[in-house]
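Notes follow the structure.
Rule-based calculations on the coordinates, nothing more; no lab input. Quick caveat: nothing in here was measured; it's all calculated off a predicted structure. Note that each Cβ is placed from the backbone with ideal geometry, even for glycine, and that neighbours are counted across all protein chains shown.
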Amino acid sequence: MAREATDVADLLDALAPAQMSLQTELRTIADDDWFRPTPARRWAVRDQIAHLADIDEVVKYCDARTASGSPALPHPAEVKLSMRRTGIRRP
């Protein structure tokens with residue numbers, strides 16, 4: 001299990017320069033450009049960036065779980081219980 005946490009930590013370290021570079025580029029995007037289409041059908045630039053940000057958060061979450069000795073991803077019952085506690089409803 002410790003090896004898995006190390007792998008994720010290494011991945012986060014390797015992605016940091018790319019994230020910084022992307023953030024620099026994003027600061028130059030004009031407001032209208034956020035709504036431009038991308039090669040991904042029905043996705044605008046803002047959708048692609050939101051997707052990248054979400055994936056980064058999932059990786060950090062999994063890293064924190066494995067560092068604490070938990071499985072990288074929670075059991076579905078754990079997710080369901082957490083959703084009930086916070087009042088989140090399924091779409």
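Below are the figures for this structure:
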read-out: Selected residue (only one of R36, R27 is surrounded by 10 or more Cβ atoms within 10 Å (Cβ to Cβ) and either farther than 25 Å from D10 by Cα or out of contact with any Pro (no Cβ under 6 Å at 6 or more places or on another chain) (or both)); value: R36
read-out: Pairs where the first residue, in the range 45-65, is in contact (Cβ under 8 Å) with a residue 12 or more places away in the chain and surrounded by 14 or more Cβ atoms within 10 Å (Cβ to Cβ) and the second is of a type in the set (D, E, K, R) and outside any helix (DSSP H, G or I), C-beta under 6 Å, 6+ apart; value: V45/R36
read-out: Test: residue in the range 74-83 that is in contact with a strand residue (DSSP E or B) (Cβ under 9 Å, 6 or more places away or on another chain) and either of a type in the set (G, A, S) or surrounded by 10 or more Cβ atoms within 10 Å (Cβ to Cβ) (or both); value: no
